[in-house]
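So the structure is just underneath, and the comments pick up after that.
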Amino acid sequence: MKTPLSIKRGTVAAVFIDLQEEHRQDKRYLVEGFAGILANVQRLQEAARANHVPLQHWAYIVDLDKQDRPFHPLGADGKSAFSDKSDPLTEICHEVAPARDEALLVKAEASAFRSGPAADQLKAAGIEWLVVAGVWTEACIDATVKDAVARGFRVLLVKDACGSGSAAMHQTGILNLANRLYGGAVTDTDGACRLLAGETVTAWQVEGSVPLRFTFDNAAALYAEL
């Protein structure tokens with residue numbers, strides 16, 4: 001259901017997942033509507049910086065020399081089929097790249113918070129809310145959001161600043177997360193920017209267990225209502 005939401009200043013960080021060139025240049029991994037997603041992420045980043053909200057930029061890099069992945073898909077050259085360490089398309093898109101004083105964080109798995117010190121560092125800084133955007137919705141966004149919730153963060157999922165290989169993949173990914181986004185909320189870029197500025201907005205917040213029972217026929221309509 002949609003209810004009023006506000007976020008206390010100093011308790012929020014913005015997390016951007018895998019906004020890499022391969023998702024607009026590699027025909028195998030194109031994200032539908034990626035230009036619009038990048039534009040919305042730019043707005044989020046501008047709002048975060050203007051309101052002194054810390055930003056985390058994440059890139060997914062696969063290094064099969066160091067990672068044991070027995071079933072990982074390979075290309076004809078024996079390298080990772082996606083996000084290989086040697087592929088220049090793993091670079092963050094220039095429109096949403098880290099600013100001079102912002103770090104680029106590298107993850108070797110879908111989730112930004114499955115391992116490593118990042119979550120603990122955010123907790124130590126007093127962060128309670130994470131504004132999450134990026135790609136792919138049903139994969140790395142899903143894994144990051146679920147691990148963030150498990151670590152005790154409230155997640156603000158920005159639906160139109162996320163994306164996947166198709167609208168259907170993205171929309172059902174958002175609906176599945178919304179059904180289990182305990183303690184968090186779903187909004188759009190406009191709402192997220194207002195929340196970062198200290199305003200109160202009306203946002204989707206889960207009530208009960210699995211409230212969004214969607215079908216092939218009504219999934220798009222339910223997504224639009226979030």
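Computed values, structure above
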item: GNM top mover of LEU105, LEU157, LEU196 - the chain, alpha-carbon springs below 10 Å; result: LEU105
item: Highest-fluctuation residue, ASP160, ASP77, ASP26 considered, GNM on the chain with Cα pairs under 10 Å; result: ASP77
item: Distance violations [Cα-Cα > 19 Å] among LYS27/LYS79; LYS123/LYS146; LYS85/LYS159; LYS27/LYS146; LYS2/LYS123; result: LYS85/LYS159; LYS27/LYS146; LYS2/LYS123
item: Carbon plus sulfur fraction of accessible area for the chain, probe 1.4 Å, in percent; result: 53 percent
item: Cα-based shape type of region 1-62, given that a ≥ b ≥ c are square roots of the gyration tensor eigenvalues and the cut on a/c is 1.5; result: prolate
item: Region 1-147: radius of gyration and largest Cα-Cα distance (Dmax), Å; result: 16.0, 52
item: Fluctuation leader among ALA59, ALA203, ALA35 - the chain, Gaussian network, Cα springs under 10 angstrom; result: ALA35
item: If the convex hull is drawn through the Cα atoms of region 73-226, its volume per residue in Å³; result: 149 Å³
item: Per residue solvent-accessible surface (Å²) - region 67-213, probe of 1.4 Å; result: 45 Å²
item: Surface/4 of the Cα convex hull for region 167-209, nm²; result: 3.4 nm²
item: Relative contact order [Cα under 8 Å, 6+ residues apart], region 130-214, whole percent; result: 29 percent
item: Surface accessible to a 1.4 Å probe, per residue, for the residues of region 1-63, Å²; result: 44 Å²
item: Proximal aspartates and glutamates relative to LYS66, as straight alpha-carbon distance under 19 Å, when same-chain residues fewer than 8 apart are discounted; result: ASP77, ASP84, ASP87, GLU109
item: Cα→Cβ-extended label distance, 7 Å offset, between ASP68 and ALA99, nm; result: 4.3 nm
item: Fraction of antiparallel bridges per DSSP, the chain only, in percent to nearest 5; result: 25 percent
item: Förster radius 30 Å - calculated FRET efficiency between ASP77 and VAL210, Cβ distance, rounded to 0.05; result: 0.10
item: Spin-label pair LYS27/GLU91, simplified geometry with 7 Å Cα→Cβ offset, distance in nm; result: 2.2 nm
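The values are calculated or read from the model by the stated rules, or taken from the named source; none is laboratory data. Worth saying up front: this structure is predicted, and the values here are computed from it rather than measured. Ideal geometry is used to build each Cβ from the backbone, glycine not excepted, and the neighbour counts take in all protein chains shown. In case anyone asks, the SASA skips ligands and DNA or RNA and just uses the protein heavy atoms, side chains included. Shrake-Rupley method; radii C 1.70, N 1.55, O 1.52, S 1.80 Å.
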